[in-house]
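Written out below as structure tokens is the structure these notes cover.
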């Protein structure tokens, strides 16, 4: 297969790219490094372009040169909670990044598309979790609206232009090589970096929210199955991951223990974030049947493995290339403080 992977310097993208190269596919990776680092893919022997997949003419040139048959789309600003305060960046780097590369790919021969969407598409929706793929999506935040639109546009263009597509809705994936320095996303990585920086853990709301988490090495085989065997999952939206929902409070205790911190490590509870769904986790039966999904490691052991890696990497400075566009009384306190500290520097 001749595969274009965008967002390949990100957490999930780098794991996928590395695996596909080892399987002898021709792989070209694209990333503008806005939410990731080049070092995650420096060891991968494939062609790399550090440009934006939202640059339509650049994507046309690349697709014309390589004649890809497969597009794996992962590029995103994945700050779901912050998307109400970064609507421009979130829309530009989700929907705005996808349509140009998809269009260019279809123009020059792409006939398989694997779109990495998000379980956030389910929103509240008046449904009780676990959210099933048959549920009608009802996105509750700006990020989720973008992902939902990307899914629907893919289905429309497939019906018109006759290409195969599969939609993957990952479930809070975590593990080695996840960005530790982003204060706005990846809750497990945030908790670990807070501990290493000796800063209090902050929890929004009472911590009784329920979520499910997926260790990257458990999810990766299912991702690869979807990419390499698209025909039998054409037109499907598939939840991947999250077999065991837990509360955020339980997650906090697990991360504190895995990091070797004191059991009475300071935890501060803050008001709920706007638009946040209280109980959000999905069914996984479809991925089990179609993609052979199986949790060999699980979230608890996965946290211990990630903690070992994080401790070796050490505390990271918080960074934010894309500041909040809307700062109001609704902005969560830690984000306000981060913005003030950044401005002071």
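The values are calculated or read from the model by the stated rules, or taken from the named source; none is laboratory data. None of these values were measured; they are calculated from a predicted model. Cβ sites come from the backbone with ideal geometry, for glycine too, and all protein chains shown count toward neighbours.
What the table shows:
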| item | result |
| --- | --- |
| Residue match in region 319-333 (condition: touching a strand residue (DSSP E or B) at 6+ places or on another chain (Cβ under 9 Å), at pLDDT below 95 and closer than 30 Å to residue 33 by Cα) | yes |
| Flag for residue 177 being part of a loop (DSSP other than H, G, I, E, B) and in contact with a strand residue (DSSP E or B) (Cβ under 7 Å, 6 or more places away or on another chain) | no |
| Those residues of region 80-93 which are surrounded by 18 or more Cβ atoms within 10 Å (Cβ to Cβ) and out of contact with any strand residue (DSSP E or B) (no Cβ under 9 Å at 6 or more places or on another chain), in sequence order | 80, 82, 83, 84, 85, 86, 89, 90, 91, 93 |
| Cβ pairs under 6 Å, 6+ apart, first in region 53-79 and more than 22 Å from residue 228 (Cβ to Cβ), second surrounded by fewer than 20 Cβ atoms within 10 Å (Cβ to Cβ) | 54/96; 54/100; 56/100; 58/51; 59/100; 64/108; 78/185; 79/185 |
| Residue in region 1-11 that is surrounded by fewer than 18 Cβ atoms within 10 Å (Cβ to Cβ) and within 29 Å of residue 160 (Cα to Cα) present | yes |
| Selected residue [touching a strand residue (DSSP E or B) at 6+ places or on another chain (Cβ under 9 Å) and not in a loop (DSSP other than H, G, I, E, B)] from 153, 167 | 167 |
| Enumeration of residues in region 56-79 that are in contact with a strand residue (DSSP E or B) (Cβ under 9 Å, 6 or more places away or on another chain), farther than 20 Å from residue 163 by Cα and surrounded by 24 or more Cβ atoms within 10 Å (Cβ to Cβ) | 75, 76 |
| Residues (free of Cβ contacts under 8 Å to residues at least 60 places away in the same chain and crowded, with 22+ Cβ neighbours inside 10 Å) located in region 94-109 | 94, 98, 102, 104 |
| Residue check, residue 112 in contact (Cβ under 8 Å) with a residue 60 or more places away in the chain and either crowded, with 24+ Cβ neighbours inside 10 Å or in contact with a strand residue (DSSP E or B) (Cβ under 7 Å, 6 or more places away or on another chain) (or both) | yes |
| Failed criterion for residue 136 (all others in (1) within 23 Å of residue 219 (Cα to Cα); (2) not in a strand (DSSP E or B) hold) | (1) |
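For (1) crowded, with 23+ Cβ neighbours inside 10 Å; (2) modelled with pLDDT of 95 or more; (3) within 16 Å of residue 311 (Cα to Cα), each residue gets a yes or a no:
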{"position": "123", "(1), (2), (3)": "no, no, no"}
{"position": "162", "(1), (2), (3)": "no, yes, no"}
{"position": "175", "(1), (2), (3)": "yes, yes, yes"}
{"position": "182", "(1), (2), (3)": "no, no, no"}
